[in-house]
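See structure below.
The values are calculated or read from the model by the stated rules, or taken from the named source; none is laboratory data. Keep in mind it's a predicted model, so treat the numbers as computed, not measured. Ideal geometry is used to build each Cβ from the backbone, glycine not excepted, and the neighbour counts take in all protein chains shown.
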Amino acid sequence: MATGTPRGGISGARRTDSVLDTLAGLCYPIYARYFDEDGDLVKRVNRKLDEALRDSTVEMYLSRAIVVGVIAAITFAVAGWLAAWAVAEFVLTETPILFGLSLSEPWLTIVNTVKTPAIVVVSGLVLGGIGFAVGFWAPITFLYLEAGERGREIDILLPDAVAYMYALSVGGMNQLEIMEAVAESEEVYGEVSREFQAVLQETRYFDTDYRTAIRHRALETPSDQLSGFMTDMLSILNSGGDMTQFLDGKTDLMMRDAKKIQEGNLETLELFGEMYLTISMLPLLLIILLVTMAMLGEASDLLLYLTVYALIPGIGVAFLVLVSIVKQDEPGGGTLSTDTEGVEGLTSGDSVLDRSVTKAFAERDTADVFEDIHRRETWHRIGYLLRNPHELFIEEPLYSLAVTVPVALAVVVATVTAGLAPTSWSGLTEMPVWGTFVYAYLPLYIVLLPLGAFDHLNRRRRFVILEDLSEALRKLSSANDTGLNLLESFRNVAETSTGKLAREFERIHTTVNYGGDLKRALIAFNNRYEVPRMARTVNLIAEAQEASSES
């Protein structure tokens with residue numbers, strides 16, 4: 001039986017699951033009749049349910065798959081029957097010829113009589129079988145993909161999670177407190193946190209000691225790295241070894257492994273780039289060949305159209321898929337949350353749309369002066385946006401679509417109205433280049449170029465903070481090693497550095513000096529940029545500072 005935290009869902013999906021569960025209960029005898037509980041398929045699906053942290057038993061999951069397969073089989077069979085009947089009635093109207101010989105009576109009458117029923121029945125059976133196979137294996141395939149995606153995310157986040165555990169261990173936390181801290185940091189460490197949540201839930205609700213729970217999770221996790229880490233950690237716990245030293249060594253080892261993986265990914269991307277440059281030349285050579293043959297009157301226009309409109313975009317899409325598979329993304333939204341109130345107020349002023357501070361005072365205090373301040377701030381921000389509309393689009397790039405989409409439609413309509421664009425299929429075939437530009441490329445340029453520019457500026461504004469982050473952290477560590485506390489280390493780095501990060505460190509120092517909380521100031525600093533990599537770093541600093549009770 002798979003244990004774990006159920007994934008969230010929408011209310012509409014719950015009703016669908018309830019109906020599906022009811023039908024799965026009806027199909028359970030089919031599962032019991034045709035599936036062996038000790039069979040390879042049942043064991044593999046049960047393992048993947050554990051890896052995906054699904055709250056369903058293997059019996060219920062496979063019964064659901066049978067239900068989906070039956071529904072797909074009926075759908076495919078009905079579609080096949082209708083298509084086969086239409087073909088038999090309206091396409092196969094001539095006298096059938098078998099083995100090259102024309103049929104004579106009475107065989108002709110017999111064949112014509114059974115022709116339509118035979119085609120319909122055979123098509124329904126074949127397509128129904130295909131539909132059942134597709135419907136049955138689709139949930140199992142999705143389960144495998146989900147477990148694989150969890151394993152990939154765990155491998156990405158595990159080095160940072162182990163470094164976080166090491167920092168908490170240095171701060172004096174014991175093993176259970178460290179696991180609880182990791183389990184509570186799901187917004188930062190994602191699926192790694194959910195793995196530790198499963199361990200803690202087993203200890204709390206199944207009356208299992210945490211060593212046994214760790215051993216179980218090490219066997220069920222989809223990540224080989226996490227499995228090895230939990231196994232090694234369990235040996236340290238059982239032998240009474242130094243957990244801090246163990247986590248320190250694991251942190252260095254995993255960071256080196258992560259660096260090697262990144263270098264391997266870069267080499268793979270370089271190989272893809274060379275392949276793309278080579279393969280992208282083939283359509284150009286084919287176009288030259290087809291144009292030359294067309295001048296000689298021996299080429300087909302269809303081949304030229306397929307090359308331009310299918311082959312060239314297809315190659316680009318194929319390499320985009322390959323790059324997206326190899327390239328490691330940054331899991332997480334980049335924001336941190338806390339039970340401490342007031343973090344939102346510390347981030348206000350950075351957004352051209354944020355009026356949370358004055359609104360909070362206007363709602364909390366009945367004095368007219370705060371309502372007047374809130375109203376004046378609203379008009380001030382509206383005037384600022386009217387003078388600088390690009391600031392809104394940089395902050396929210398998708399808002400640019402409200403302007404560019406109507407402009408693109410207006411340009412196309414104006415071009416057609418002026419008679420500058422073909423309006424019929426024959427006109428498009430006579431002017432294919434100009435027609436494609438007007439109806440496809442011109443609207444795409446008008447919509448996507450501003451969107452891409454604003455999205456780049458948005459990312460540049462947020463990710464510029466990472467340029468000096470490594471150097472600033474080294475300075476922060478050096479200042480802390482000299483005896484300065486963390487707050488004074490922030491002030492020291494701010495005074496000896498330049499750039500946006502130095503100003504942010506100065507802002508943190510000023511916030512705490514005016515009575516703010518250091519952890520709250522760090523979280524507010526992170527949430528102003530929402531960068532996943534920086535979120536993990538800031539969370540480590542904030543929690544380590546709180547664990548060591550040092551400000």
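Tally time: how many residues in the stretch 158-177 are β-branched (Val, Ile, Thr) and buried (at least 22 other Cβ atoms within 10 Å of the Cβ)?
Within the stretch 158-177, residues that are β-branched (Val, Ile, Thr) and buried (at least 22 other Cβ atoms within 10 Å of the Cβ) number 1.
The set of residues in the stretch 55-68 being over 12 Å from residue 23 (Cα atoms) and surrounded by fewer than 22 Cβ atoms within 10 Å (Cβ to Cβ) consists of 55, 56, 57, 59.
Annotation: of all residues in the stretch 25-52 being touching a Leu at 6+ places or on another chain (Cβ under 9 Å) and of a type in the set (A, V, I, L, M), the one that is surrounded by the fewest Cβ atoms within 10 Å (Cβ to Cβ) is 41. Kindly evaluate residue 439 against the criterion of being farther than 29 Å from residue 499 by Cα, free of Cβ contacts under 8 Å to residues at least 12 places away in the same chain and not hydrophobic (A, V, I, L, M, F, W, C). Against the criterion (farther than 29 Å from residue 499 by Cα, free of Cβ contacts under 8 Å to residues at least 12 places away in the same chain and not hydrophobic (A, V, I, L, M, F, W, C)), residue 439 does not qualify. Going by the structure shown, is residue 483 more than 32 Å from the chain's Cα centre (by Cα), part of a loop (DSSP other than H, G, I, E, B), assigned by TED's automatic domain parsing to the domain that holds residue 461 and farther than 21 Å from residue 337 by Cα? Answer is yes for this residue. The set of residues in the stretch 69-108 that are touching a Leu at 6+ places or on another chain (Cβ under 8 Å) and at pLDDT 60 or above comprises 76, 77, 79, 80.
Once the stretch 365-394 is narrowed to residues that are outside any helix (DSSP H, G or I) and not hydrophobic (A, V, I, L, M, F, W, C), the residue that is modelled with the highest pLDDT is 388.
Kindly provide the set of residues from the stretch 512-536 that are surrounded by fewer than 20 Cβ atoms within 10 Å (Cβ to Cβ) and either over 26 Å from residue 169 (Cα atoms) or among the polar types (S, T, N, Q) (or both), ordered by number. Within the stretch 512-536, 513, 514, 515, 516, 528, 530 qualify.
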